[in-house]
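Below is one structure, written out as structure tokens, with a few remarks after it.
No lab work stands behind these numbers, since they all come straight from the coordinates. In this text, all values refer to a predicted model and were calculated from it rather than measured experimentally. Cβ placement follows ideal geometry from the backbone for every residue including glycine, while neighbour counts extend to all protein chains displayed.
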């Protein structure tokens, strides 16, 4: 599993690892959370879809939604936590907005055209470490106390991981 704040680079890292290791890439946003046109999928339906995916032998799932950690973490061999600064996350969201302006990015559901971030989303990023990271830590401990968690605190560390795997950066 790859988790972290929006804009930190977890989807890009996930796709690169999957490409190199020939793993199925699963985006929580694309596969479970969003329906076309930025419509949120019903929580019960979202939870019903996940067990089939995590029952597979091989996968890499990108997404931080801790409400499904009970389903995902016990089936993971490792958690990569992209834990970079909020400034870098905000810059990442801005770059992503320009890159995919008017288009749907690869890790989103069809019909979810990239939008200008609203105040709520920017606040989520700004307060991620204080408000959401402690809950992620608690849920990781609760559902996978023996699952290793590798924290990547910069883009350089992400590149080092890709280098260690022998993957192109």
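Specify which of the listed residues (140, 90) is under 20 Å from residue 12 (Cβ atoms), in contact (Cβ under 8 Å) with a residue 12 or more places away in the chain and surrounded by 12 or more Cβ atoms within 10 Å (Cβ to Cβ). Explain how you work it out, then say what you get.
Numbers: 140 fails: under 20 Å from residue 12 (Cβ atoms).
Just a single option satisfies the conditions, and that option is 90.
For region 144-169, enumerate the residues that are outside any helix (DSSP H, G or I) and touching a strand residue (DSSP E or B) at 6+ places or on another chain (Cβ under 9 Å). If you could, list the steps in order and put the result at the bottom.
As a first pass, look at region 144-169 and keep what is outside any helix (DSSP H, G or I): 144-154, 166-169.
Of everything in region 144-169, those that are outside any helix (DSSP H, G or I) and touching a strand residue (DSSP E or B) at 6+ places or on another chain (Cβ under 9 Å) turn out to be 144, 147, 148, 149, 150, 151, 152, 153.
Sort out which residues of region 93-117 are more than 15 Å from residue 9 (Cβ to Cβ), touching a helix residue (DSSP H, G or I) at 6+ places or on another chain (Cβ under 7 Å) and in a loop (DSSP other than H, G, I, E, B), and write them in order of number.
Step one: list which residues in region 93-117 are more than 15 Å from residue 9 (Cβ to Cβ), which gives 98, 101-104, 108-117.
If we keep only those that are touching a helix residue (DSSP H, G or I) at 6+ places or on another chain (Cβ under 7 Å) as well, we get 108-109, 114, 116-117.
Matches in region 93-117: 108, 109, 116, 117.
For residue 67, work out the one condition from (1) more than 21 Å from residue 16 (Cα to Cα); (2) touching a residue at least 40 places away in the same chain (Cβ under 8 Å) it doesn't fulfil.
With respect to (1) more than 21 Å from residue 16 (Cα to Cα); (2) touching a residue at least 40 places away in the same chain (Cβ under 8 Å), residue 67 is out only on (2).
Working only within region 6-43, note down all residues that are surrounded by 13 or more Cβ atoms within 10 Å (Cβ to Cβ), touching a residue at least 60 places away in the same chain (Cβ under 8 Å) and part of a loop (DSSP other than H, G, I, E, B).
Of everything in region 6-43, those that are surrounded by 13 or more Cβ atoms within 10 Å (Cβ to Cβ), touching a residue at least 60 places away in the same chain (Cβ under 8 Å) and part of a loop (DSSP other than H, G, I, E, B) turn out to be 6, 7, 8, 9.
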